[in-house]
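Okay, so here's the structure we're looking at.
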Amino acid sequence: MDAKLTELVRLLDLEQLEDNIFRGESRDIGSPQVYGGQVLGQALRAAYTTVEPERPAHSLHAYFLRRGDFRAPIVYFVDRSRDGHSFSSRRVTAIQHGEQIFHMSASFQTEETGLEHQLPMPEAPPPERLPRAPAVAPRVLELLPQRMQRDDGWKRPFEFRLVNPEDIPAAGRMPAQQWVWMRAIDRLPDDPTLHHALLAYVSDFHLLGTAIIPHNAAYLSGHVQRASIDHAMWFHRALRIDEWLLYAIDSPCAAGARGFSRGSMYNRDGVLGISTAQEGLLRVIEGTSELSS
């Protein structure tokens, strides 16, 4: 397996300290805080450790409370809230330096059959016809600290192909929508819990960025502070992160210094496997009001 992907898989393999208590390490990607998708993936993996294997996750709802410190381990406490006939409920709290930095509720269900329908996948060109996207758009990378611009952590273990590139001209007012093909850069084991954890990890890419697209002029001028506030996922059908997935994202609204985005992940056959939603802080700084629309 590719070295970067192997490193990430190991990162999601938590150390069990005691019943319902786990410890995880962090990757240094050059930023002072831990990447939110990492905490989300580790928390889901911790919850999975306490659930019967025939009950995959069908939803999770999480809040990011404080910035994580990548230099220190994160301890995850799992509360086994309920194990019913068909459903199991878990609550996971992430602790660092004696404080909660994150908490998540997740629900797991024994697989069943029933009524089915879905929205169709958008008509997007196949990934083979699109150029490989940089890990960070060049105009955005210029705003990051020098350490992040140099750091190898941005060479992620995933490949992205943007249908509508995020790196649009700063003066352009574009709709808050983007479609992204993505996959892991190497084949992964047939472990559904690992795929769910990696899908949670990668689902944090591009969501809040979609809410910023109509306001790129303000963001690229350094007038907008951004941070994830919460994150939700619904797992409808099984997907593999080592196969091409189309992540169709739109942002219906930005208001109250927050931007809201929602996403749908489809496989190449057009099967809708996962829905996501996130709200993030979009705070105007330095006295500018360029975010108004």
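The values are calculated or read from the model by the stated rules, or taken from the named source; none is laboratory data. Small disclaimer: the values here were computed from a predicted structure and weren't measured. Glycine also receives a Cβ, built like all others from the backbone with ideal geometry; neighbour counts cover every protein chain displayed.
Quick check on this structure: which one of R45, R10, R80, R90 is without any contact (Cβ under 8 Å) to a residue 12 or more places away in the chain and outside any loop (DSSP other than H, G, I, E, B)?
Numbers: R45 fails: without any contact (Cβ under 8 Å) to a residue 12 or more places away in the chain; R80 fails: without any contact (Cβ under 8 Å) to a residue 12 or more places away in the chain; R90 fails: without any contact (Cβ under 8 Å) to a residue 12 or more places away in the chain.
Among R45, R10, R80, R90, only R10 is without any contact (Cβ under 8 Å) to a residue 12 or more places away in the chain and outside any loop (DSSP other than H, G, I, E, B).
Can you tell which of I74, I101, I95 is within 14 Å of V39 (Cα to Cα) and free of Cβ contacts under 8 Å to residues at least 24 places away in the same chain? Write out each step before concluding.
Working: I74 fails: free of Cβ contacts under 8 Å to residues at least 24 places away in the same chain; I101 fails: free of Cβ contacts under 8 Å to residues at least 24 places away in the same chain.
Answer to the check: I95.
Restricting attention to region 213-239, the residues being modelled with pLDDT of 90 or more, over 13 Å from the mean Cα position of the chain (by Cα) and either buried (at least 16 other Cβ atoms within 10 Å of the Cβ) or polar (S, T, N, Q) (or both) number 3.
Of all residues in region 54-66, count the ones that are assigned to a loop (DSSP other than H, G, I, E, B) and either closer than 13 Å to S105 by Cα or free of Cβ contacts under 8 Å to residues at least 60 places away in the same chain (or both). Talk me through it step by step, then tell me what you get.
Within region 54-66, the subset assigned to a loop (DSSP other than H, G, I, E, B) is 54-56, 65-66.
Filter once more, so that each one left must be either closer than 13 Å to S105 by Cα or free of Cβ contacts under 8 Å to residues at least 60 places away in the same chain (or both): 54-55, 65-66.
So the count comes out to 4.
The number of residues in region 191-232 that are closer than 26 Å to R132 by Cα, assigned to a loop (DSSP other than H, G, I, E, B) and of a type in the set (D, E, K, R) comes to 1. Among the residues of region 38-50, those identified as surrounded by 20 or more Cβ atoms within 10 Å (Cβ to Cβ) and in contact with a helix residue (DSSP H, G or I) (Cβ under 9 Å, 6 or more places away or on another chain) are Q38, L40, G41, Q42, A43, L44, R45, Y48. Scanning region 250-261 for residues that are out of contact with any Leu (no Cβ under 8 Å at 6 or more places or on another chain) and surrounded by fewer than 22 Cβ atoms within 10 Å (Cβ to Cβ) gives D250, P252, C253, A255, G256. Scanning region 28-37 for residues that are within 24 Å of M182 (Cα to Cα) and among the acidic types (D, E) turns up at least one hit. Among the candidates E15, E25, single out the residue that is over 25 Å from R237 (Cα atoms) and within 20 Å of the chain's Cα centre (by Cα). Step by step, each of E15, E25 is checked, and only E25 is over 25 Å from R237 (Cα atoms) and within 20 Å of the chain's Cα centre (by Cα).
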